[in-house]
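Visitor: Please read through the structure below; I'll follow up with questions.
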Amino acid sequence: MTSSTLAMPVGTYQSAWVDDQVRMFRNSVLQFVQKEFVPHQDRWREQRYPDAEAWTAAGAAGILLPDVPEEYGGGGGTFAHQAVVLEELARTGVHFGALIQSVVAHYILAYASDAQKHDWLPRMASGELVGAIAMTEPAAGSDLPAIRTTARCDGDHYIVSGSKTFITNGHHASLICLAVKTNAKVAGMRGISLLIVETQNLPGYRVGRSLDKVGMHAQDTCELFFDDVRVPAANLLGHAEGQGFFQMMERMPYERLAVGVTAVATAEQAVALTTQYVKERAVSGKPLIDFQNTRFTLAECKTAAHIGRVFLDNCIERFIAGQLDDTTVAMAKYWLTDCQCRIVDECVQLHGGYGYMTEYPIARMWADSRVQRIYAGANEIMKELIACSL
Ligand SMILES: Cc1cc2nc3c(=O)[nH]c(=O)nc-3n(C[C@H](O)[C@H](O)[C@H](O)COP(=O)(O)OP(=O)(O)OC[C@H]3O[C@@H](n4cnc5c(N)ncnc54)[C@H](O)[C@@H]3O)c2cc1C
């Protein structure tokens, strides 16, 4: 049994959004990830980024932009297909920025011109272009209206100056969805716009080192620097300046729900891995599973993961139907990632000292999980959003 097939549904439960076509897609994703990504994980972790060829291989296998229309080179599927990609990456313990690729594609799909969609999306689907979304700055994370990167209009170009930090896919990024201040005189959110920046051979653009993270070592997270970078004015997303903050708020639910997908798949996998481990590991002459504490802990973890699964599935179905509200997405992002971290932490405890050794998948899962509560909007911000609905 491969590690990715360990996590099984509870009883006869089946996710309603997984039909035969999605199941077939899952099989092809799993085969690809097992063959092309899993064997390289140690090296990717060591170098702190995936190989450049991984992007074109993923594109050729149909892993990138699975929920973008076929006319733009995508897979023509729904969020169900995106969820399957994220689940299989999570279960195999592979960190690869396929989600961010899709997030950027959906900004383009929603706000770019048709000519731009035809230009950028097929190249993103093939992996020729690697996407990044660059909002966060050293002094502006949760407080996005405080960003300082500016874009000054100069004829038919913007001149961009500033820096970004913590940018996923930063090392390979060739198409950046960049949050900038187009009007420094307008305070707060109304001065923000989004620009698409093609970085190849772009004077004034520089990528910093891959940042040294606690976990997710195989995925690149970088600083980006813009020193009077010229970007065509036509690359402004939307028809007018000042729309960026509202565009981000409109698109964030996609990313937040996707983070929830990874949270549940990781929690399920942690329970499955640990169940197998406690059956094999003997202490005081008997398998760990024979201790009541082990059984009760895993019973609680399995129950929590299943509650998360049912809630997530309901969110996915409503999202695909276009009926998921922002408050519920915020609930899913915060609750599912908190739940993931609690479950994985309990599973580490059941592994004893081996749970703290990075050669054990559960230890890496623990280190990788922590950031889920921080990015895509910290969980405290999610609670503020939920509280707004009270
Ligand atoms: C591995 C990784 C990958 C990332 N990838 C990207 C990326 O691809 N693109 C990108 O743009 N960014 C990315 N980020 C940045 C991420 O989105 C931010 O780290 C996150 O939004 C939090 O911002 P901050 O780090 O500045 O923390 P701060 O905003 O300084 O927050 C610190 C603490 O204060 C709390 N806090 C802040 N405001 C409030 C409030 N109003 N009420 C209550 N509590 C509050 C927060 O919840 C948090 O606990 C990534 C970060 C990491 C670690």
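Visitor: Which condition breaks for SER161 when tested against (1) open to solvent by 40 Å² or more (accessible area, probe 1.4 Å); (2) under 19 Å from VAL207 (Cα atoms); (3) in contact with an Asp or Glu (Cβ under 9 Å, 6 or more places away or on another chain); (4) in contact (Cβ under 8 Å) with a residue 40 or more places away in the chain?
Guide: It is condition (1) that SER161 fails.
Visitor: Which ones in the stretch 105-134 are open to solvent by 10 Å² or more (accessible area, probe 1.4 Å) and among the hydroxyl-bearing types (Ser, Thr, Tyr)?
Guide: TYR111, SER113, SER126
Visitor: Here are GLY242, GLY238, GLY215, GLY170: which of them is touching a helix residue (DSSP H, G or I) at 6+ places or on another chain (Cβ under 7 Å), in a loop (DSSP other than H, G, I, E, B), within 12 Å of the ligand (Cβ to nearest atom) and open to solvent by less than 30 Å² (accessible area, probe 1.4 Å)?
Guide: Only one candidate qualifies: GLY215.
Visitor: I need the full set of residues from the stretch 346-374 which are surrounded by fewer than 17 Cβ atoms within 10 Å (Cβ to Cβ) and either in a loop (DSSP other than H, G, I, E, B) or within 9 Å of the ligand (Cβ to nearest atom) (or both), in order please.
Guide: Across the stretch 346-374, the qualifying residues are MET357, THR358, GLU359, ILE374.
Visitor: A follow-up question, please. Are there any pairs, at least 6 apart or on different chains, whose C-beta atoms fall under 9 Å, with the first in the stretch 323-341 and without any contact (Cβ under 8 Å) to a residue 24 or more places away in the chain and the second of a type in the set (Gly, Ala, Ser) and open to solvent by 30 Å² or more (accessible area, probe 1.4 Å), and if so, which?
Guide: ASP325/SER389
Visitor: I'm trying to understand the selection: among the residues of the stretch 48-91, which are open to solvent by 10 Å² or more (accessible area, probe 1.4 Å), in a loop (DSSP other than H, G, I, E, B) and among the aliphatic types (A, V, I, L, M)?
Guide: Of everything in the stretch 48-91, just one residue is open to solvent by 10 Å² or more (accessible area, probe 1.4 Å), in a loop (DSSP other than H, G, I, E, B) and among the aliphatic types (A, V, I, L, M), namely ALA61.
Visitor: Just wondering, is there one or more residues in the stretch 341-361 that are within 16 Å of GLU268 (Cβ to Cβ) and among the polar types (S, T, N, Q)?
Guide: Within the stretch 341-361, not a single residue is within 16 Å of GLU268 (Cβ to Cβ) and among the polar types (S, T, N, Q).
Visitor: When the residues of the stretch 209-264 are filtered to those that are within 30 Å of ALA80 (Cβ to Cβ) and of a type in the set (Val, Ile, Thr), which remaining residue is nearest to the chain's Cα centre (by Cα)?
Guide: Ranking the candidates gives VAL259 first.
Visitor: When you scan the stretch 188-203, do you find a residue that is within 28 Å of MET331 (Cβ to Cβ) and touching a strand residue (DSSP E or B) at 6+ places or on another chain (Cβ under 7 Å), even just one?
Guide: So far as the stretch 188-203 goes, yes, one or more of its residues are within 28 Å of MET331 (Cβ to Cβ) and touching a strand residue (DSSP E or B) at 6+ places or on another chain (Cβ under 7 Å).
The values are calculated or read from the model by the stated rules, or taken from the named source; none is laboratory data. Fair warning: this is a prediction, and the values are worked out from it, not measured in the lab. A quick note on method: Cβ atoms are made from the backbone with ideal geometry, for glycine too, and the neighbour counts reach across all protein chains shown. For accessibility, only protein heavy atoms count, side chains too; no ligands or nucleic acids. Shrake-Rupley method; radii C 1.70, N 1.55, O 1.52, S 1.80 Å.
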